[in-house]
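Notes follow the structure.
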Ligand code: S3P
């Protein structure tokens with residue numbers, strides 16, 4: 001297990017922020033997973049430029065290769081070529097598919113496999129993934145006619161028998177974008193209409209991507225909130241060229257670091273995160289920073305990629321501490337679902353009490369994130385109380401250095417490293433290797449900013 005070690009004596013705060021530092025966080029993980037899965041449905045060669053090189057997306061690449069899809073990183077180019085024979089060719093997988101730490105791989109792949117008539121796919125994952133709930137995604141495929149055997153706990157390993165599916169109506173009650181995405185993939189292989197109802201709309205990358213692969217679906221806003229997504233199958237996907245904007249969930253760590261660096265040290269790091277995906281369904285954390293008093297600057301906005309992108313910076317906040325927040329609307333929580341650990345850190349610097357509610361899903365992420373946030377950040381001097389599905393955060397003036405643990409969760413590891421830097425003291429984070437699950441360039445970017453640290 002790798003330990004991240006940081007010593008105050010090696011990091012003279014006065015040297016930081018001399019000039020603007022551009023950060024390229026790499027292609028968005030959610031969008032890359034979807035581009036891969038849609039490309040696997042299409043007959044012919046698709047191209048994904050600026051794909052995420054996260055371990056999670058590499059798990060999707062290996063999974064698809066086992067299903068007979070040819071994936072090649074083009075030499076000297078930031079491009080991945082994906083050649084498939086379409087749905088029918090996915091029916092003869094080689095061996096057991098290891099989804100590693102990636103919930104998105106496991107759930108989306110289940111959708112593809114369920115709709116690949118005649119396929120027998122065996123899936124498993126690492127110690128964290130095999131504890132995560134899979135019944136929520138298996139149930140709709142069984143209702144469509146597939147056969148899925150899970151463990152007695154409704155978790156991986158799974159055996160999926162692909163069948164001729166028929167469309168169903170489905171309420172996405174867990175507000176899970178992964179479940180919705182899996183169902184959209186399967187809907188295009190099924191016959192008849194599949195209707196998905198979302199009371200709280202989740203990230204809509206699959207809906208936007210479907211169109212690029214020549215697939216039709218209809219989205220209708222529901223009066224009083226929510227959305228209905230209807231797709232009629234079977235439909236044939238055609239190969240596409242997808243350019244992936246950079247990952248806002250990875251950029252968020254650097255934007256938060258810059259914002260809070262101002263609060264703690266009274267100076268800016270001047271970080272500019274380049275070509276970041278801008279999508280309302282993912283924007284919650286940046287909105288939270290804005291509501292707390294930081295101006296977000298969006299520049300060089302472009303529609304050249306599969307979704308909108310902008311360069312992103314946090315403006316000078318006047319060195320004032322963030323304003324405390326109450327975040328309890330499910331739509332807001334869904335739009336910052338992966339940034340809750342970081343939001344808990346940011347709000348730890350807000351004088352008074354902040355509250356984030358409706359967080360039951362965090363109990364079943366890569367680790368129990370509510371427990372991990374409270375136990376690890378509190379070791380660093382934060383005052384966070386984890387309720388059954390909420391966090392109550394009491395602002396503190398200063399954090400302190402400590403030896404903390406990532407709990408094997410990439411987003412916890414990065415949150416704790418940012419917290420440690422803001423503590424201005426020596427600290428260590430054990431189990432830091434998991435950072436590559438979503439952001440393999442995280443350590444290089446910290447180095448480029450001028451931070452000195454050791455990984456042993
Ligand atoms: C994701 C959806 C979210 C998110 C995960 C990526 C996706 O999970 O937490 O990191 O790509 O669809 P849920 O669908 O479980 O909320």
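The values are calculated or read from the model by the stated rules, or taken from the named source; none is laboratory data. Treat the numbers as computed from the prediction; the structure is a model and nothing was measured. With ideal geometry, Cβ positions are generated from the backbone for all residues, glycine too; neighbour counts draw on all protein chains shown.
Brief remarks follow.
- Residue count for the range 1-38 satisfying the condition of being within 16 Å of the ligand (Cβ to nearest atom) and on the phi < 0 side of the Ramachandran plot: 13.
- Residue identified as touching a strand residue (DSSP E or B) at 6+ places or on another chain (Cβ under 7 Å) and under 24 Å from residue 334 (Cβ atoms) among 199, 228, 203: 228
- Here residue 112 fulfils each of the conditions (1) over 19 Å from the mean Cα position of the chain (by Cα); (2) in a strand (DSSP E or B) apart from (2).
- One residue from 159, 181 being under 25 Å from residue 248 (Cβ atoms), outside the structural domain of residue 369 (by TED's automatic domain parsing) and either in a helix (DSSP H, G or I) or touching a strand residue (DSSP E or B) at 6+ places or on another chain (Cβ under 6 Å) (or both): 181
- Residue tally, condition outside any helix (DSSP H, G or I) and surrounded by fewer than 19 Cβ atoms within 10 Å (Cβ to Cβ), over the range 322-346: 5
- Among the residues making up the range 162-178, those that are within 11 Å of the ligand (Cβ to nearest atom) and either more than 19 Å from residue 330 (Cα to Cα) or assigned to a helix (DSSP H, G or I) (or both) are 177, 178.
- Only one of 119, 146, 115 that is touching a helix residue (DSSP H, G or I) at 6+ places or on another chain (Cβ under 7 Å), under 18 Å from residue 190 (Cα atoms) and modelled with pLDDT under 95: 119
- The residues in the range 408-456 that are buried (at least 19 other Cβ atoms within 10 Å of the Cβ), on the phi > 0 side of the Ramachandran plot and away from the ligand (no atom under 16 Å from the Cβ) can be counted, and the count is 1.
- Candidate set from the range 179-207 (those that are more than 17 Å from residue 41 (Cα to Cα) and within 11 Å of the ligand (Cβ to nearest atom)); member that is farthest from the chain's Cα centre (by Cα): 200
- For the range 347-379, the tally of residues that are part of a loop (DSSP other than H, G, I, E, B), under 19 Å from the mean Cα position of the chain (by Cα) and more than 11 Å from residue 390 (Cβ to Cβ) stands at 4.
- Odd one out for residue 268 among (1) assigned to a loop (DSSP other than H, G, I, E, B); (2) assigned by TED's automatic domain parsing to the domain that holds residue 87; (3) crowded, with 18+ Cβ neighbours inside 10 Å: (2)
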